[in-house]
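Nothing in this text is a laboratory measurement; each read-out follows from the coordinates by a stated rule. Model, not experiment: these values are computed from the prediction. Positions of Cβ are generated from backbone atoms using ideal geometry, with glycine treated the same way; all protein chains shown enter the neighbour counts.
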Ligand SMILES: C[S@@+](CC[C@H](N)C(=O)[O-])C[C@H]1O[C@@H](n2cnc3c(N)ncnc32)[C@H](O)[C@@H]1O
């Protein structure tokens, strides 16, 4: 159903779907945040599960809806040569949400550049953070802004780890700087996710 509204391949969509169920099974509290929405396909898939959760989740969507910013030298030559597009269309986002019967009241769409919108938005606790923003600076901003709100046992999904070198660099740097000893689970050639460690007392339960 979301094909035509997403740049994600089926394996990564299936993995997102599984993780949306997993946060319910594990009773991880909090909302779902997606940074990098494009035409709304992955967001609608997550929202179709999470807005029906007994844990009353909302979905926060962050995007410029004006395409990607320019890559920097940290993204490497491949990124700088590609002229990558990804200009999302808000009317398509609304259409796919309606098609999947997702109630608008559960969705917060925050349009604008991350560096402008992140400082003033308060999302609260996060159970699942989906980062699909391609470039080094964008991925770094997402991790720095939202990781601390991800609840123990919640998941961080990095869509472009294997595809764009800047994304890998930003993720590896963040994990190293925070001394986070997590396992990056491989979804396909590019998608990865990790689970935020449980607090020691929770892990023993
Ligand atoms: C690959 S697309 C997202 C694909 C989407 N998840 C899907 O299901 O197809 C990347 C998106 O990230 C957004 N983006 C990247 N960096 C951004 C930034 N610094 N501020 C705002 N939006 C950004 C772009 O506008 C683009 O829509």
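General remarks:
- No other residue among 110, 139 is outside any loop (DSSP other than H, G, I, E, B), within 13 Å of the ligand (Cβ to nearest atom) and farther than 25 Å from residue 184 by Cα apart from 110.
- Answer residue from the stretch 21-44, given it is over 9 Å from the mean Cα position of the chain (by Cα), near the ligand (Cβ under 8 Å from one of its atoms) and part of a loop (DSSP other than H, G, I, E, B) and is nearest to residue 108 (Cα to Cα) among those: 40
- Residue match in the stretch 123-145 (condition: closer than 25 Å to residue 45 by Cβ and without any contact (Cβ under 8 Å) to a residue 12 or more places away in the chain): no
- Residues in the stretch 142-159 that are more than 16 Å from the ligand (Cβ to nearest atom) and crowded, with 21+ Cβ neighbours inside 10 Å: 150, 154.
- Screening residue 4 with (1) within 12 Å of the ligand (Cβ to nearest atom); (2) outside any loop (DSSP other than H, G, I, E, B) gives one miss only, at (2).
- Any hit, the stretch 110-133, residues being buried (at least 22 other Cβ atoms within 10 Å of the Cβ) and out of contact with any strand residue (DSSP E or B) (no Cβ under 8 Å at 6 or more places or on another chain): no
- When residues of the stretch 186-200 are limited to those that are surrounded by 13 or more Cβ atoms within 10 Å (Cβ to Cβ) and assigned to a loop (DSSP other than H, G, I, E, B), the one nearest to the chain's Cα centre (by Cα): 191
- For the stretch 70-103, a tally of residues being free of Cβ contacts under 8 Å to residues at least 40 places away in the same chain and on the phi > 0 side of the Ramachandran plot returns 1.
- Filtered by the rule that a residue be away from the ligand (no atom under 13 Å from the Cβ), in contact (Cβ under 8 Å) with a residue 60 or more places away in the chain and crowded, with 16+ Cβ neighbours inside 10 Å, the stretch 45-59 gives 50, 57.
For every residue, the table says whether it meets (1) away from the ligand (no atom under 15 Å from the Cβ); (2) closer than 24 Å to residue 46 by Cβ; (3) crowded, with 16+ Cβ neighbours inside 10 Å.
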| position | (1), (2), (3) |
| --- | --- |
| 63 | no, yes, yes |
| 70 | no, no, no |
| 79 | no, no, yes |
| 83 | no, no, no |
| 87 | no, yes, no |
| 90 | no, yes, no |
| 93 | no, yes, yes |
| 102 | no, yes, yes |
